[in-house]
């Protein structure tokens, strides 16, 4: 078990795993997302109050879930990097940050566009919306730190510390709708309770959520591999790869 | 080496705990300002300021909506099932606006206790269902909002219930 | 199928602008991600093969002297 983990934590071992797994993840992500989109846009019933603008849920909820999941994963990777000095953890955190920022933006944008017909406004400074905007700024901060500090070690440490401190925002996002009066309604997707919608609305959402998570896995595996190649380009095992082509 | 790791872990955890405490204190100090709106109970208790615009939120009371046939002016009451406040508004209402719907109104609280609204926003709950299901529920004597309660007996969502957020 | 015709599908009951702009931005971001990953792969491999060539050259130089 430990030996296996050790092999995975080595760039070379992870590289081999990534090469084997990532095509499946990409394929699964594409399939699930295409199925979920067609199902959600064309076949799921409209909502009794919101009509067809309800269909925005099929991008809004997966994007918002992913935005937070990616951040938590980055924070765990940051902790592993800071404490155990495992470089692979930092490479993975680097690899997933842009997707996290993109998903946060997508959640905010689709929420704003959904808010216009349902709430009558595209933005309010309510606790859920504001904490989600803060998440976007945290992502920008992490990306900017890595961009500005070219020196790998210091950039990695600063970005990890920022990510870890920012993780406090995640429970605030989660519980904002319960702790305070907000315009945003309580959570749609929850592990503990039954979904508040019938299955012909909920199943496409589940498919979309799974598709988004597969994409997260695919992007992380592939981009971590690129990061390994970039940082270890002069190593012998990497040089040996060129014989096989890309 | 092992001790070094443990030290690093302790430093990071301490940093996290401190940051969490700081954030918690800040949120606690700001707790009333983070609420997007006042409930009718709070407005009646005099917690809402008179000198600046406020947001008040609750449900549109049943049979309270009175539209002026000549203009866009409308009057309605916002209630949390305990207290209710009168709202006067002139303008276009959101599609979701109807009696029993959650709303947030932005406006000035008048000394007589009613709100002159500049903006009316609709809240909605986390229950989604096709129109047929909503009709069937209504026929069976349930409100569509009961869907989730009937499904798993979980408490109603915050803000649609008088004591939400107060406890 | 929740819609009777293509027109109804595109109109989304009057909410077409909102629904389609949300899905449009989603498509844009996702395809942007995929494109970025592909470009990055090309760039990274070019760098690796350059390094490898340099390494081989150095090896040959050493062998000649």
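The values are calculated or read from the model by the stated rules, or taken from the named source; none is laboratory data. Bear in mind that the values here come from a model prediction, so they are computed numbers and not experimental data. Cβ sites come from the backbone with ideal geometry, for glycine too, and all protein chains shown count toward neighbours.
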Determine which member of the set A:81, A:105, A:14 is within 20 Å of residue C:24 (Cβ to Cβ) and either outside any helix (DSSP H, G or I) or touching a helix residue (DSSP H, G or I) at 6+ places or on another chain (Cβ under 9 Å) (or both).
A:105
Only one of these is more than 24 Å from residue B:38 (Cβ to Cβ), surrounded by fewer than 18 Cβ atoms within 10 Å (Cβ to Cβ), away from chain B (no Cβ under 14 Å) and touching a helix residue (DSSP H, G or I) at 6+ places or on another chain (Cβ under 7 Å): A:141, A:100. Name it.
A:141
Do you know which residues across region B:59-77 are surrounded by 14 or more Cβ atoms within 10 Å (Cβ to Cβ), part of a strand (DSSP E or B) and without any contact (Cβ under 8 Å) to a residue 60 or more places away in the chain?
B:60, B:74, B:75, B:76, B:77
When residue B:91 is evaluated against the numbered criteria (1) crowded, with 21+ Cβ neighbours inside 10 Å; (2) within 12 Å of chain A (Cβ to nearest Cβ), which criterion, by number, is the only one it fails?
(1)
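Sort out for me the helices (runs of 4 or more DSSP H) sitting completely within region A:153-246 that have 3 or more residues that are facing another protein chain (nearest Cβ under 10 Å) and under 17 Å from the mean Cα position of the chain (by Cα).
Where helices (runs of 4 or more DSSP H) fall fully within region A:153-246 and carry at least 3 residues being facing another protein chain (nearest Cβ under 10 Å) and under 17 Å from the mean Cα position of the chain (by Cα), they are A:199-231.
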What tally of residues in region B:94-119 results from selecting those that are at the interface with another protein chain (Cβ under 7 Å from one of its Cβ atoms) and either at pLDDT 90 or above or within 23 Å of residue A:178 (Cβ to Cβ) (or both)?
2
Test for residue B:16: is it within 9 Å of chain A (Cβ to nearest Cβ), part of a loop (DSSP other than H, G, I, E, B) and in contact with a helix residue (DSSP H, G or I) (Cβ under 8 Å, 6 or more places away or on another chain):
no
